[in-house]
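Structure record follows, encoded as structure tokens.
The values are calculated or read from the model by the stated rules, or taken from the named source; none is laboratory data. On a predicted model such as this, the values are computed, not experimentally measured, just so you know. When we count neighbours, we look across all protein chains shown, and the Cβ atoms used for this are built from the backbone with ideal geometry, even at glycine. These area figures cover heavy atoms from the full protein model, side chains too; ligands, DNA and RNA do not enter into them. Shrake-Rupley method; radii C 1.70, N 1.55, O 1.52, S 1.80 Å.
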Amino acid sequence: MVVTAASEVVIRPITVADIEQFCEVTTAVMRERRYLAFVEGFPLDEAAAFVARNLRLGNPHWVADDRGRIVGWCDIRRETIPVYAHAGHLGMGVLRDYRGRGIGERLLRASIDAARAAGFERIELSVYSRNERAAALYRKVGFAHEGTRVRGKKLDGEYDDVHMMALLL
Ligand SMILES: CC(C)(COP(=O)(O)OP(=O)(O)OC[C@H]1O[C@@H](n2cnc3c(N)ncnc32)[C@H](O)[C@@H]1OP(=O)(O)O)[C@@H](O)C(=O)NCCC(=O)NCCS
């Protein structure tokens, strides 16, 4: 597959017009079955509700746009319980053919900046111990390891440890 220079990929906030492609991109990464908690895609109506909610609440939700093709995303969902609502939970992914070219880092930094501007004080995430690439990216932008849920993930009879990481803004 031919992909454009990473510098031509635009990092921008998601819009309702992106919902269908957002659903496709998340589904593609989920179906790799290695990186995310869900291993099947969400139905379109659930993806649409997710995006609509983020837009309504002002949650950071950015996409990487390669000339009209959505190739990655990063979202930070504010916690709803009042005592935790200064924090948000981060999720992200980039299509396989676009990885390793700086797009994930640009998505992550844009989302963190948006979270800071929106008054978030803390961003949390969990990452599987086998996912060294993602953990390296999170460390690079300042996330700290806060703990590990040993054998916290089990898929197809195989365990993985789940690292909790957080960034204080
Ligand atoms: C994790 C992910 C979002 C990173 O996005 P990316 O575009 O591939 O990453 P980038 O090219 O921006 O790389 C940024 C940093 O990530 C780390 N990184 C990237 N590729 C790496 C690799 N193959 N091995 C180790 N670290 C790597 C490095 O720290 C890199 O910085 P550097 O280039 O200065 O060394 C992407 O690889 C992905 O979608 N993976 C599958 C889904 C996933 O893991 N989501 C997160 C679940 S917690």
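Table for the structure above
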item: Fluctuation leader among Val51, Val71, Val39 - the chain, Gaussian network, Cα springs under 10 angstrom; result: Val39
item: Accessible surface of the stretch 6-122 [probe 1.4 Å, protein heavy atoms]: carbon and sulfur percent; result: 55 percent
item: Net charge dipole size for the chain [Lys, Arg +1 and Asp, Glu -1 on Cβ; Debye, nearest 20]; result: 380 debye
item: Extreme residue, positive dipole direction of the chain, given options Leu95, Ile70, Phe120 (C-beta unit charges); result: Phe120
item: With DNA, RNA and ligands ignored, accessible area of Phe143 (1.4 Å probe; Å², nearest 10); result: 10 Å²
item: At 1.306 mPa s and 10 °C, Stokes D of the chain from Kirkwood alpha-carbon radius, µm² per second; result: 97 µm²/s
item: Per residue accessible area of the chain, 1.4 Å probe, in Å²; result: 54 Å²
item: From phi via Karplus (6.51, -1.76, 1.60), per-residue ³J(HN,Hα) for the stretch 154-164 in Hz, x at Gly/Pro; result: 9, 9, 6, x, 10, 9, 8, 7, 10, 8, 9
item: Approximate spin-label separation Glu79-Asp113, in nm, with each point projected 7 Å along Cα-to-Cβ; result: 2.7 nm
